[in-house]
1. Over the chain, with a Gaussian network built from C-alpha contacts below 10 Å, which listed residue (A132, A76, A95) shows the highest mean-square fluctuation?
2. Tell me, what ³J(HN,Hα) does each residue in region 118-131 have, in order and in whole Hz, if you take phi through Karplus 6.51 cos²θ - 1.76 cosθ + 1.60 with θ = phi - 60° and put x for Gly and Pro?
3. Quick one: if the Förster radius is 22 Å, what FRET efficiency do L143 and A88 give, using the C-beta to C-beta distance and rounding to 0.05?
4. Can you tell me the dipole magnitude for region 24-70 around its Cα centre, using point charges on the Cβ only (Lys, Arg +1; Asp, Glu -1), in Debye to the nearest 20?
5. Given the whole protein assembly as supplied and a 1.4 Å probe, what does the accessible area of I140 come to in Å², nearest 10?
6. Mind pulling the angle between the C-alpha long axis of helix 101-110 and the longest principal axis of the chain? Nearest 10 degrees, somewhere in 0 to 90.
7. Which number comes out as Rg/Rh for the chain once both Rg and the Kirkwood Rh are worked out on C-alpha atoms?
8. If I compute solvent accessible area with a 1.4 Å probe over the protein chains, what percent of it on the chain is carbon and sulfur?
Amino acid sequence: MNAVAVVTIAFLLMEASNVLTLYFFPGSKYANGVGVFKAWEKSKQDPEVHDLVRYLVNWVAGTKLIFILLLIVILATATQTTLLWTGAAMLVSIASFFWRLFPLVRKMDRGGQIDPPNYSAVLGWMIAGMMAVFLAALVIAVL
């Protein structure tokens, strides 16, 4: 098992906890639940809006589940070369967070729409850390 496989397994476990949170405890402030967004509670005041928010939360959870299961299949069947390409793909896909999601969560954080404050900075560092770990795993696997 190479470094990319080990890091991917750790990523899968983390994402699995997020999927469980989103499906069964969406209002949680842990495991990247949407309870950190003050709008989650506000949406409950309008059932139509809350249904849309719940739909989107479940859509994200379902998409993450597909992603997790595909990674498991890749880990179970991939050659070393495919694992390297998987690591590179993971790095790029995780980096996409900084394109759309990070600017939006930072804007909401600065606007007082997130509790706890500075959640966007913590999330940004966590995502950057994941990218660094995948990059390190790729370098180790190539060497």
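1. A76
2. 6, 4, 4, 5, 4, 5, x, 5, 5, 5, 4, x, 4, 5
3. Working: r = 15 Å, r/R0 = 0.69.
Calculated value: 0.90.
4. On the way: 6 positive and 4 negative charges, 40 e Å.
Computed charge dipole of region 24-70: roughly 200 debye.
5. Solvent-accessible area, nearest 10 Å²: 110 Å².
6. The helix 101-110 is inclined about 40 degrees to the chain.
7. On the way: Rg = 16.7 Å, Rh = 16.4 Å.
That ratio equals 1.02.
8. Values: 6470 of 9020 Å².
Summing carbon and sulfur atoms, their accessible area is 72 percent of the total for the chain.
The values are calculated or read from the model by the stated rules, or taken from the named source; none is laboratory data. This is a predicted model, so every value here is computed, not measured. In this analysis, Cβ positions are derived from the backbone assuming ideal geometry, glycine residues included, and neighbour counts consider all displayed protein chains. We work out accessible area using only protein heavy atoms, side chains counted, and drop any ligands, DNA or RNA first. Shrake-Rupley method; radii C 1.70, N 1.55, O 1.52, S 1.80 Å.
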